[in-house]
Amino acid sequence: MRKADTNRIILYGVFLLLLLGIFSGCGKNSDDTPDAPYRTSWKTETEAQESAEEDGAKEDDSDLYLILANNSAEEMLHLYRYSTGLEYQYYYSLGTRFLDKYGQSVSAVNFTPGKVVQIGISAAEGRLKDVRISEDVWEQDDIVRFSMRSDVGLFKIADAKYHYGSDVFVFSNGELISLADISENDRLSVVGKDKEILSISVTTGHGMLQLANTELFEGSFMELGNDIFAEIMPDMEMEIPEGNYQLTVAKDGWGGSCNVSIRRGETTTVDLDAMKGDGPSYGKILFEVDVEGASIWVDGEEIDYSQPQKLRYGVHSISVSASGYPEWTKYLYVNSPEATILIGLADENEGSSGSSGTSSGGSGTSSSGSGTDNGEAGGGTSSGGTSNGGSSGTSNSGSGTSSGGGTSSGGSGTSNGGSSGTSNGSSGTTNSGGSGSSNSLDYDELMQDYLSTLRWQMLMNGMSSL
C-alpha cells in the first residue's frame with residue numbers, strides 16, 4: 001500500500017473518532033439532577049454549603065419536607081427540607097404514589113402548599129417514588145379562634161398554646177405571606193409537630209366591600225351571596241370573606257344585581273347609582289298558604305293571592321290570618337323579577353319557634369330555632385325572639401355572633417356593636433359612616449322577620465331541579 005493511502009486511512013479514522021466524541025456528549029446536562037438544591041432558605045451561605053455537603057448522603061425517609069408549591073403542569077414539587085434548611089425541586093410522574101397519613105392513595109392535587117410530607121426517591125430515575133403526609137405531624141382545620149404574640153413566638157388555638165420560630169411558613173391562596181397579614185377574622189388551617197407550629201394556611205381571608213352613592217337605597221337592605229343580609233347605611237363598608245358574590249339592592253322600585261369579587265386585603269367599591277336601573281322595577285310574586293280560607297294583607301291591603309301580585313322592588317309588610325291559627329307577620333324584601341312564597345301556618349300552630357312565624361319551602365320547614373346556642377361571643381348578646389310556647393332563647397350562632405358589647409335584637413333584625421361596630425362571623429365587620437352600627441346578620445336570625453324573594457326563587461329553582 002502506498003504511503004499516501006495509509007495517511008488517508010489514518011485521517012479518516014481520526015475524523016470518525018472525533019464525530020463519536022461529539023455525539024456521545026449530546027443531551028448531557030450536568031444540572032438536570034432533579035433533587036439538586038437551587039436556593040437557600042433560612043440558613044446562611046456557610047450553613048447552606050455544609051448542608052449541601054451533608055446532602056450527598058442517602059435520603060432519610062424520615063426527613064420532613066414542607067410543600068411550598070405543587071406545579072401539576074410540570075409535575076414538580078417545590079419543597080423545604082427541615083433537616084438542611086434548603087429548598088428543593090423534585091419531579092414526579094404517573095408512577096408516583098401519593099398517600100395520606102393512613103397509607104391510602106389520594107390525588108396529587110391534595111398536596112397543597114403548607115402540607116408536611118415524607119418522600120421516597122427512585123435511585124434509578126432520581127424522581128419521586130412516593131409522597132406521603134407525615135404521621136409525625138398534626139393538622140387542625142377551620143380554626144377561627146386564635147391569637148398570636150410575635151414578640152415571644154406564641155400562637156394560641158382556642159386555649160392551647162404553641163410556639164413558632166423564624167422558619168414558620170404562612171400561605172394564602174398558595175402564595176407565601178407574612179404572619180402580619182393574618183386577620184383576626186380569617187379562617188386557618190395549621191400544621192404542627194408536638195407544640196411547634198410548622199405552617200399556617202389562610203383558608204378564608206377577608207377583604208373590604210365599600211358601597212358608594214348609597215343615598216337612594218339607605219334604610220333598605222342589601223343581599224350578598226347566600227349568607228349576608230344587611231341594612232344599607234351611608235358610606236357603608238363591610239369586611240367580607242374573600243370570594244365571588246351576587247350583590248342585590250332594592251328600594252321603592254329601584255334596584256338590581258351585580259357580581260362582586262372580594263379579594264384578600266383589598267377594597268372593592270360598588271357604585272349603587274349604577275345598580276338602580278331604569279325603574280320602577282316590579283316583581284311578580286305568588287303566595288301559597290297551607291291553610292284553606294286564609295287571608296293575606298300586603299302593606300295593609302287584602303289581596304287575592306290566587307293570582308300573582310305585582311309588587312314594587314323594596315320592602316313590604318305581609319300578614320296572614322286564618323281561623324284557629326295565630327297571625328303570621330313578616331317583611332317581604334322584593335328584589336327579583338318573580339318568586340313563589342310558601343307560608344306555613346300549620347307548622348307554626350304546631351309549635352315551631354320564631355318571633356314572627358315559620359316559612360316553609362316544599363317539604364321542608366324553615367324556622368329560627370329555640371333554646372340557647374352560644375358561639376364565640378365577644379361580650380354582646382343576641383335575642384332570638386319569643387317562641388309560640390312562651391319561652392325565649394338566645395341565639396349567637398356563627399355569623400350571628402356580636403362582639404364589642406353591643407346588643408342584637410332578633411325582632412328588629414339589627415345588631416348594634418356599641419363603639420366597636422364589629423360583628424364577627426361570616427357576615428364580617430360592618431362600618432357605616434363612623435357610627436359603629438352593624439346591621440349585618442345571618443339569614444337564620446334576620447329572616448325571622450324578613451323574607452327575600454331572590455332567596456326564595458333560588459330555593460325553589462334548586463328544589464325543582466331535584
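The values are calculated or read from the model by the stated rules, or taken from the named source; none is laboratory data. Source: prediction; values computed, not measured. Positions of Cβ are backbone-derived with ideal geometry, glycine not excepted, and every protein chain shown enters the neighbour counts.
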A careful count of residues in the stretch 181-214 that are under 17 Å from residue 114 (Cα atoms) and small (Gly, Ala, Ser) gives 5
Quick check on my filter: what residues within the stretch 220-235 are of a type in the set (A, V, I, L, M) and not in a strand (DSSP E or B)? 232, 233
Go through the residues of the stretch 100-121 one by one and say whether even a single one is surrounded by fewer than 13 Cβ atoms within 10 Å (Cβ to Cβ) and modelled with pLDDT of 95 or more. no
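So, in the stretch 164-185, how many residues would count as being in a loop (DSSP other than H, G, I, E, B) and either of a type in the set (D, E, K, R) or at pLDDT below 90 (or both)? It would help to see each step written out before you state the result.
The first filter runs over the stretch 164-185 and keeps only residues in a loop (DSSP other than H, G, I, E, B), leaving 164-168, 173-174, 178, 182-185.
Filter once more, keeping what is either of a type in the set (D, E, K, R) or at pLDDT below 90 (or both): 166-167, 173-174, 183-185.
So the answer is 7.
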Working only within the stretch 239-274, note down all residues that are under 18 Å from residue 221 (Cβ atoms), out of contact with any Ser or Thr (no Cβ under 7 Å at 6 or more places or on another chain) and assigned to a loop (DSSP other than H, G, I, E, B). 252
Working only within the stretch 129-139, note down all residues that are crowded, with 18+ Cβ neighbours inside 10 Å and among the basic types (Lys, Arg). 132
Pick from the stretch 197-240, criterion within 12 Å of residue 260 (Cα to Cα) and in contact (Cβ under 8 Å) with a residue 40 or more places away in the chain, ranking: surrounded by the fewest Cβ atoms within 10 Å (Cβ to Cβ): 210
Take residue 142 and tell me if it is surrounded by fewer than 13 Cβ atoms within 10 Å (Cβ to Cβ) and not assigned by TED's automatic domain parsing to the domain that holds residue 314. yes
Test: residue 161 is among the basic types (Lys, Arg) and assigned to a strand (DSSP E or B): yes
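For the stretch 145-154, which positions are assigned to a strand (DSSP E or B) and either exposed (fewer than 12 other Cβ atoms within 10 Å of the Cβ) or in contact with a His (Cβ under 9 Å, 6 or more places away or on another chain) (or both)? Let's see the steps before the verdict.
Going through the stretch 145-154, the residues assigned to a strand (DSSP E or B) turn out to be 146-149, 154.
Scanning the stretch 145-154 gives 147, 149, 154.
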Note on the stretch 189-219: residues of a type in the set (A, V, I, L, M, F, W, C) and not in a strand (DSSP E or B) are 216, 217
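For the subset of the stretch 114-129 comprising residues that are outside any strand (DSSP E or B) and in contact (Cβ under 8 Å) with a residue 24 or more places away in the chain, which member is farthest from residue 190 (Cα to Cα)?
My answer is 126.
Every residue, every condition in (1) in contact (Cβ under 8 Å) with a residue 24 or more places away in the chain; (2) in a loop (DSSP other than H, G, I, E, B); (3) among the charged types (D, E, K, R), yes or no:
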residue	(1), (2), (3)
78	no, no, no
87	yes, no, yes
98	yes, no, no
112	yes, yes, no
131	yes, no, no
136	yes, yes, yes
140	yes, no, no
156	no, no, yes
